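First comes the structure, then the notes that go with it.
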Amino acid sequence: MEIRAATVLPARREPIELHTGDGLTLVGELALPLDRHPVATLVTLHPLPTHGGFMDSHVFKKAANRLPALADLAVLRFNTRGTSSERGTSEGTFDGGEGERFDVSAALEYADYHDLPHVWVVGWSFGTELALKWAHDPLVEGAILLSPPLHRATDDDLDAWGRFGRPLVALVPEFDDYLRPEEARKRFSRVPQAEVIGVDGAKHLWVGEPYVRIALDEIVKRVNPAAWPLPTEV
């Protein structure tokens, strides 16, 4: 069977709640391999909620639908403060990336408390800003950024990640609306360990199954290389 956009592979999918340091409850889901322990964990940070981003944004939904089965990964998705999806609405209100520091911390604390292994943060658009600003946690083994705009994340944040020392991979679409590969390489040159990958033909929203496959493949290549490249059929 060919893996298509709507393919959902077997996994244990559990509704979860995260509790922030400033007293909010956030809703989310944890997807785990069906009958074995995960090899590694993706903590996902979704695009801008004021422009339609939420835990079900399609690349992350497809990651949860496929990667527990194909790559033995745990995939943790959640709605940041004030964001809604089919899972429900997280308490609080959008805070432009500042109060969301507590949301990132709550997700990492959940992963730590539940002994989820080898945590990588995967941010998309606005979520990349949250990763760069607030994911400097000893638990985090690295970060993968999809379509980083580098609007809210400043050069100071890039310098801080450089000092943090953990791997940083930026997947930058050729036709991104905000930051394209050539400029991204200049901006990320402040981070000695950063790797910038230009993705030919892609756009900011990664629409189209070929681009989703590229994104998921690049994630798996870093997080569980033994499962790379991902199959296209099951």
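The values are calculated or read from the model by the stated rules, or taken from the named source; none is laboratory data. Only a predicted model underlies this, so the values are computations on that prediction, with no experimental measurement involved. Here Cβ is always computed from backbone atoms with ideal geometry, including for glycine, and neighbour counts include all displayed protein chains. With ligands, DNA and RNA removed, areas are computed over all heavy atoms of the protein, side chains included. Shrake-Rupley method; radii C 1.70, N 1.55, O 1.52, S 1.80 Å.
Structure above, values below:
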read-out: Candidates Pro38, Pro47, filtered to the one that is in a loop (DSSP other than H, G, I, E, B), over 27 Å from Ala226 (Cα atoms) and of a type outside the set (Asp, Glu); value: Pro47
read-out: Unmet requirement for Arg163, which otherwise passes all of (1) within 25 Å of Met55 (Cβ to Cβ); (2) surrounded by fewer than 19 Cβ atoms within 10 Å (Cβ to Cβ); (3) out of contact with any strand residue (DSSP E or B) (no Cβ under 9 Å at 6 or more places or on another chain); value: (1)
read-out: Qualifying positions in the stretch 70-82 - surrounded by fewer than 24 Cβ atoms within 10 Å (Cβ to Cβ) and at negative phi; value: Leu70, Arg81
read-out: Candidate set: the stretch 178-234, residues that are open to solvent by 80 Å² or more (accessible area, probe 1.4 Å) and of a type in the set (Gly, Ala, Ser); chosen: the one farthest from Leu9 (Cα to Cα); value: Ser189
read-out: Residue selected from the stretch 100-145 under the condition open to solvent by 10 Å² or more (accessible area, probe 1.4 Å) and among the small types (Gly, Ala, Ser), by the criterion nearest to Gly21 (Cα to Cα); value: Ser105
read-out: All positions within the stretch 183-234 that are in a strand (DSSP E or B) and closer than 19 Å to Pro173 by Cβ; value: Ala194, Glu195, Val196, Ile197, Gly198, Val199
read-out: Test: residue in the stretch 110-130 that is in a helix (DSSP H, G or I), touching a helix residue (DSSP H, G or I) at 6+ places or on another chain (Cβ under 7 Å) and closer than 18 Å to Pro49 by Cβ; value: yes
read-out: Residues that are open to solvent by 10 Å² or more (accessible area, probe 1.4 Å) and either part of a loop (DSSP other than H, G, I, E, B) or closer than 14 Å to Pro47 by Cα (or both), drawn from the stretch 89-98; value: Glu91, Gly92, Thr93, Phe94, Asp95, Gly96, Glu98
read-out: Residue under evaluation Lys133, criteria (1) of a type outside the set (A, V, I, L, M); (2) out of contact with any His (no Cβ under 6 Å at 6 or more places or on another chain); (3) without any contact (Cβ under 8 Å) to a residue 60 or more places away in the chain; (4) not in a helix (DSSP H, G or I), criterion not met; value: (4)
read-out: Given (1) over 19 Å from Ile219 (Cα atoms); (2) among the aliphatic types (A, V, I, L, M); (3) open to solvent by 10 Å² or more (accessible area, probe 1.4 Å), index of the condition Val39 fails; value: (1)
read-out: Counted residues, the stretch 58-69 - those being open to solvent by 10 Å² or more (accessible area, probe 1.4 Å), within 13 Å of the chain's Cα centre (by Cα) and more than 17 Å from Pro15 (Cα to Cα); value: 1
